[in-house]
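The values are calculated or read from the model by the stated rules, or taken from the named source; none is laboratory data. Predicted model only: the values in this text are computed from it and were never measured. Note that each Cβ is placed from the backbone with ideal geometry, even for glycine, and that neighbours are counted across all protein chains shown. These area figures cover heavy atoms from the full protein model, side chains too; ligands, DNA and RNA do not enter into them. Shrake-Rupley method; radii C 1.70, N 1.55, O 1.52, S 1.80 Å.
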Amino acid sequence: MIALRLRMMALIALCWAALLPHLSALNYGLVSFEMFVGVALSVLVGGLLALIGSSRLSFGVILGGLIYFVLDAYLLEDKAVASVACVWCVLLMPLLLKLAPNGIPLAASIFGFIFGLQAFFSPATPVFAIRAAEAAVDGPKPDFAYLHIVLDEQMSPIAPVPGLTPIPAADTVLATYRENGFKTYAHADSIWPMTFIALTAMFGLTDHLDNFTEDPDRITHNFSVADNALVRRLAAGGFSTTIIESDYIGLCGDNPTVTCQTYGSRANAAIYDEFDLSLWDRLDLMFVNLHEGHARRGFDVLAYRSVLDAVTRLRGYDRPVTRGPFVMTMTGMNILDSLAAGAPSLEPGDALIAHVIAPHYPYVFDRECNFLNLDDWRNPVRYELEPNAARSYVAFWEQSICVHKKIEAILAAVEDRDDIVIMIHGDHGARVLSHRPERTRNDLQATFLAVKGPGIAPEMLMDTVNLQTTFAAEFEAIFGSD
């Protein structure tokens, strides 16, 4: 009886160690529903495994497998070392149990519970890391505010694509800008279909392809703007600037007059509290986060990934399914809601710039901004197990309509203001067909640019223009050149 209890306690403790630190790293709080589920799963799965492992051999294999899983998830990075650890843990444990049938389970219990306890002492990670401005701007304040929204992966609503004519959301999206008095370039071609080149060029007020720096060690960002002419021009013009950026691409730079709010590209469960998610939705997201963490993101386990690859091949697919950076999409939607609440408080001399990862894939919202069931999520064709370009485009435009409902709310919040310059644009196309032979320039690079402000006549321009040079020209017409 004592041996059975020790075995059960050891397996429960190792399940605890496998689950809870991972959930904590995903920013599930100590008293969250997901942490409660994690504790319950540890007890349930550990207990079931103890019943299955009734013999010394089966128990040893299970115990060794769990020890390997915890080691590989949190401590091992080298694949060769992980492979050796997997083999030795599974093969040696039955032999070690013969030498110490009670001592090994007791040691595993102590290790598992102590290792898992870190989850209860890890500080919560906020959705936004805020770096406040360290200095005030010099000179007089201008007599208007500046609101600048970048919609990541927002395709032009008038650029035709294969198999999708007419575009489902064209009238809805364009109406947002037509009815709110914008000068709109409905088809603006970006110089490049990747954000780190397209957006850094815009912040440099140039069309050069090399206005970025790369951080190979990814201390903060993957990429940053090299020559941040836009921010420099705002500071010189007397603007107090706040920038909302992702940790994929740094837009703030080191200008001490800029307040910087940075959100992460990795899963941060704190954002879920901003949405009306059912407990089943949260449970789905928890398992997706755990699965993708063990498969490829930060907590990857070689054996888990190997089994996943084998199952994928048996199903006849060339790659495992991925859910994509859905947390960034959710964060982008939340940013738009925050802008609607905060835009009315902008005062002359305030500049607010937001890089919003929406309607960027995955497509997890319908046109009414309802969060979709997991089975209804869609991705660009390159990430779909059963590619269907028309279906992916429709899902993209459904999410884009949701985005523009939120844009409408922002514009409605400042509709009585005639002292705000507003610039809204994409960075490149939807890239639904990226990496596919049938890809087109429209799919990769066609986006839009909309400008509104004092002295800017409303018009809808349908001719194709260059996004970066047109943006620079509009910006300089408002703020002047160096």
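Here are the numbers:
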| quantity | calculated |
| --- | --- |
| Region 62-91 - residue that is open to solvent by 50 Å² or more (accessible area, probe 1.4 Å) and of a type in the set (Asp, Glu) and, of those, nearest to Val301 (Cα to Cα) | Glu77 |
| Pairs where the first residue, in region 170-185, is in contact (Cβ under 8 Å) with a residue 24 or more places away in the chain and of a type in the set (Gly, Ala, Ser) and the second is open to solvent by 30 Å² or more (accessible area, probe 1.4 Å) and not in a strand (DSSP E or B), C-beta under 6 Å, 6+ apart | Gly181/Pro458 |
| Only listed residue being in contact with a Cys (Cβ under 9 Å, 6 or more places away or on another chain) and not acidic (Asp, Glu), chosen from Pro387, Pro359 | Pro359 |
| Region 24-37, residues that are touching a residue at least 40 places away in the same chain (Cβ under 8 Å) and closer than 15 Å to Gly116 by Cβ | Ser24, Ala25, Leu26, Tyr28, Leu30, Glu34, Met35, Val37 |
| Residue match in region 233-246 (condition: within 20 Å of Leu23 (Cβ to Cβ), surrounded by 20 or more Cβ atoms within 10 Å (Cβ to Cβ) and at pLDDT 90 or above) | no |
| Among residues of region 165-223, those that are touching a strand residue (DSSP E or B) at 6+ places or on another chain (Cβ under 9 Å), closer than 19 Å to His404 by Cβ, of a type in the set (A, V, I, L, M, F, W, C) and modelled with pLDDT of 85 or more, counted | 5 |
| Identity of the residue in region 213-254, hydrophobic (A, V, I, L, M, F, W, C) and in a strand (DSSP E or B), that ends up farthest from the chain's Cα centre (by Cα) | Val225 |
| Cross-chain or 6+ apart pairs with Cβ under 8 Å, region 140-168 first and over 23 Å from Arg441 (Cα atoms) and hydrophobic (A, V, I, L, M, F, W, C), then open to solvent by 20 Å² or more (accessible area, probe 1.4 Å) and not in a loop (DSSP other than H, G, I, E, B) | Ala145/Asp350; Ala145/Leu352; Leu147/Leu352 |
| Some residue of region 243-265 being β-branched (Val, Ile, Thr) and touching an Asp or Glu at 6+ places or on another chain (Cβ under 6 Å) | yes |
| Residue that is most open to solvent (accessible area, probe 1.4 Å), among those in region 350-366 that are of a type outside the set (D, E, K, R) and assigned to a strand (DSSP E or B) | Leu352 |
| Of the criteria (1) touching a residue at least 40 places away in the same chain (Cβ under 8 Å); (2) touching a Phe, Trp or Tyr at 6+ places or on another chain (Cβ under 9 Å); (3) in a helix (DSSP H, G or I), which one Ala395 fails | (1) |
| Pick from region 186-211, criterion β-branched (Val, Ile, Thr) and touching a residue at least 24 places away in the same chain (Cβ under 8 Å), ranking: farthest from Ala226 (Cα to Cα) | Ile191 |
| Residues being closer than 25 Å to Val43 by Cα and of a type in the set (A, V, I, L, M, F, W, C) - total across region 109-139 | 10 |
| Members of region 286-331 found to be more than 30 Å from Leu151 (Cα to Cα), among the small types (Gly, Ala, Ser) and either assigned to a helix (DSSP H, G or I) or in contact with a Pro (Cβ under 9 Å, 6 or more places away or on another chain) (or both), listed by number | Ala303, Ser306, Ala310 |
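Conditions tested, residue by residue: (1) on the phi > 0 side of the Ramachandran plot; (2) crowded, with 19+ Cβ neighbours inside 10 Å.
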{"position": "Val301", "(1), (2)": "no, yes"}
{"position": "Tyr304", "(1), (2)": "no, no"}
{"position": "Val307", "(1), (2)": "no, no"}
{"position": "Thr312", "(1), (2)": "no, no"}
{"position": "Gly316", "(1), (2)": "yes, no"}
{"position": "Pro320", "(1), (2)": "no, no"}
{"position": "Met328", "(1), (2)": "no, yes"}
{"position": "Gly332", "(1), (2)": "no, yes"}
{"position": "Ile335", "(1), (2)": "no, yes"}
